[in-house]
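Student: Quick one: structure below, then a few questions.
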Ligand code: C5P
């Protein structure tokens, strides 16, 4: 796959065959493959290997959004190292010790270590939801606070929505990874995403990587959709 391509295709399914067909059909057209909780709970590490074809060169984003005590999260990161994921996710609200423990566990992967990305405030939560769980800070402030904390605790970056990219790029500096879902090319259906940007808009706002699912995977010709996105990105 092209190293310079920032697009991680999100393959959200429980079926190995579906995921493998998509991953193989998109080889060389996307920067990597994201598999998440749904697939991993159903198919586990063996399913991941079946989809990636044992080719550890395919950049792989293992999106499990870990959240537990530091020792357990560190154990989860260590247990994933044999899959050589390029990226993994943890919840920043697990706190500084948890984030540092995850970063230390990842470092044990050496040159092939996973980059640990923090999830700040889930985009499904609004100010009212934060209030309900006892957090009076508005969402935007909480997102920036958690992103800065993630950086200070040794995380490599965060996952953030398109409308957070510019503020987080300014707050966290040029080298911090900003992995951005909620991406819709102009020709794609919006689906259930609320705050969207096109691939080019998100990159211009400061994204380093894009997570794109249905605009590729639900198209009749996923490879053609990936090519159109690459053309939009000038790749
Ligand atoms: O199909 P679509 O492009 O909407 O897929 C986006 C992917 O990114 C899904 O795997 C979804 O769970 C994930 N995601 C998201 N919004 C967030 C965080 C993650 O859509 N705020």
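Student: Output the number of residues of segment 111-140 satisfying the condition of being within 13 Å of the ligand (Cβ to nearest atom), under 17 Å from residue 154 (Cβ atoms) and in a loop (DSSP other than H, G, I, E, B).
Tutor: Selection size over segment 111-140: 1.
Student: What number of residues within segment 160-179 are near the ligand (Cβ under 10 Å from one of its atoms) and either on the phi > 0 side of the Ramachandran plot or in a loop (DSSP other than H, G, I, E, B) (or both)?
Tutor: Adding up the residues that qualify gives 2.
Student: Same structure, new question: Can you tell me which condition residue 219 does not meet? The list is (1) outside any helix (DSSP H, G or I); (2) more than 16 Å from residue 11 (Cβ to Cβ); (3) in contact with a helix residue (DSSP H, G or I) (Cβ under 7 Å, 6 or more places away or on another chain), and all the others hold.
Tutor: Among (1) outside any helix (DSSP H, G or I); (2) more than 16 Å from residue 11 (Cβ to Cβ); (3) in contact with a helix residue (DSSP H, G or I) (Cβ under 7 Å, 6 or more places away or on another chain), residue 219 violates only (2).
Student: Filter segment 180-206 down to residues that are within 23 Å of residue 120 (Cα to Cα), within 13 Å of the ligand (Cβ to nearest atom) and either crowded, with 16+ Cβ neighbours inside 10 Å or within 17 Å of the chain's Cα centre (by Cα) (or both), then give me how many there are.
Tutor: Number of matching residues: 12.
Student: Let me ask another. Can you tell me which residue among 35, 83, 26, 22 is touching a helix residue (DSSP H, G or I) at 6+ places or on another chain (Cβ under 9 Å), away from the ligand (no atom under 16 Å from the Cβ), over 25 Å from residue 152 (Cα atoms) and in contact (Cβ under 8 Å) with a residue 24 or more places away in the chain?
Tutor: Selected residue: 83, the only one of 35, 83, 26, 22 that is touching a helix residue (DSSP H, G or I) at 6+ places or on another chain (Cβ under 9 Å), away from the ligand (no atom under 16 Å from the Cβ), over 25 Å from residue 152 (Cα atoms) and in contact (Cβ under 8 Å) with a residue 24 or more places away in the chain.
Student: Residues to consider are 124, 93; find the one that is modelled with pLDDT under 95, within 17 Å of the chain's Cα centre (by Cα) and surrounded by fewer than 21 Cβ atoms within 10 Å (Cβ to Cβ).
Tutor: Result: 124 is the single residue among 124, 93 that is modelled with pLDDT under 95, within 17 Å of the chain's Cα centre (by Cα) and surrounded by fewer than 21 Cβ atoms within 10 Å (Cβ to Cβ).
Student: Could you list, ordered by first residue, the pairs with Cβ atoms under 7 Å in which the first is in segment 67-79 and free of Cβ contacts under 8 Å to residues at least 60 places away in the same chain and the second is surrounded by fewer than 18 Cβ atoms within 10 Å (Cβ to Cβ) and in a loop (DSSP other than H, G, I, E, B), at least 6 apart or interchain?
Tutor: These pairs meet every condition: 78/108.
Student: Output the residues belonging to segment 143-159 that are more than 14 Å from the ligand (Cβ to nearest atom), assigned to a helix (DSSP H, G or I) and crowded, with 16+ Cβ neighbours inside 10 Å.
Tutor: 144, 148, 149, 150, 151
Student: Right, here's the next one. Restricting attention to segment 117-173, which residues are in contact with a strand residue (DSSP E or B) (Cβ under 7 Å, 6 or more places away or on another chain), in contact (Cβ under 8 Å) with a residue 60 or more places away in the chain and closer than 15 Å to residue 211 by Cβ?
Tutor: 117, 158, 159
Student: Within segment 214-229, take every residue that is within 16 Å of the ligand (Cβ to nearest atom) and farther than 16 Å from residue 21 by Cα and give me the one that is surrounded by the fewest Cβ atoms within 10 Å (Cβ to Cβ).
Tutor: Among residues in segment 214-229 that are within 16 Å of the ligand (Cβ to nearest atom) and farther than 16 Å from residue 21 by Cα, the one surrounded by the fewest Cβ atoms within 10 Å (Cβ to Cβ) is 228.
Student: Something else about it: Among the numbered criteria (1) in contact with a helix residue (DSSP H, G or I) (Cβ under 8 Å, 6 or more places away or on another chain); (2) within 12 Å of the ligand (Cβ to nearest atom), which single criterion is violated by residue 211?
Tutor: (1) is the only condition that residue 211 fails.
The values are calculated or read from the model by the stated rules, or taken from the named source; none is laboratory data. None of these values were measured; they are calculated from a predicted model. For neighbour counting, all protein chains shown are included, and Cβ atoms are generated from backbone atoms with ideal geometry for every residue, glycine included.
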